[in-house]
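The next block holds one structure in the form of C-alpha cells; read it before the comments.
The values are calculated or read from the model by the stated rules, or taken from the named source; none is laboratory data. Model, not experiment: these values are computed from the prediction. No Cβ is skipped: glycine too gets one built from the backbone with ideal geometry, and neighbour counts run over all protein chains shown. Accessible surface is based on the protein model in full, side chains and every heavy atom, while ligands, DNA and RNA are left aside. Shrake-Rupley method; radii C 1.70, N 1.55, O 1.52, S 1.80 Å.
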Amino acid sequence: MPRPAMRPGNANKHPGQIVLEASHVARPKDVIAAERKNASAEKSTKAVALEDAQKKVAAMEDAMAVEQTA
C-alpha cells in the first residue's frame, strides 16, 4: 500500500523525525538476561514470603479453633 502524499506545508515540520524513528537504542543481551534474572528472583522471594504468611495465618486459625473447642 503506497504512502499518502505529504502536504507541502508539512514537508519541513519535523525533518529529523524519520531518523529518530529509525534509530533505537538496543540493550545488550547480557543486560536483558540480568534484568530477567533479577525479576524472577524477586518474584520467587515474594512467593516464598506469601507462602510463609499464609502458613502463619493458618497456624493462628488452628490455635483459635482449638481454644474455642476447649
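So which lysines pass the test for K55, namely a Cα distance under 17 Å, with those fewer than 8 places away in the same chain ruled out? Partners found: K46. Of the residues V19, A47, T69, the one whose Cα sits farthest towards the positive end of the charge dipole of the chain is V19 (charges of +1 on Lys and Arg Cβ, -1 on Asp and Glu Cβ, taken about the Cα centre). With helices as the sole contributors, the chain gives -23500 deg cm²/dmol at 222 nm; each DSSP H run of n ≥ 4 counts as -39500 (n - 2.57), and the sum is divided by every residue.
Probing with 1.4 Å while keeping every protein chain in the model, the per residue accessible area of region 10-68 equals 96 Å². Set against the labelled values (i) 19, 45, 26, 9, 1; (ii) 14, 17, 14, 14, 14, 11, 8, 6, 2; (iii) 23, 53, 24, 1, P(r) over Cα pairs in 10 Å bins from 0, in percent computed from this structure falls on (ii).
Using a cut-off of 15 Å between beta-carbons, work out the net charge of the residues near K13 (Lys and Arg +1, Asp and Glu -1, K13 not included). After counting each charged neighbour, the total is 0. Just add up the charged neighbours of D30: K/R +1, D/E -1, any other residue whose Cβ is under 14 Å from the Cβ of D30. Charge balance near D30 sits at +3. Rounded to the nearest 20, the size of the Cβ-charge dipole of the chain about its Cα centre is 840 debye, with Lys and Arg at +1 and Asp and Glu at -1.
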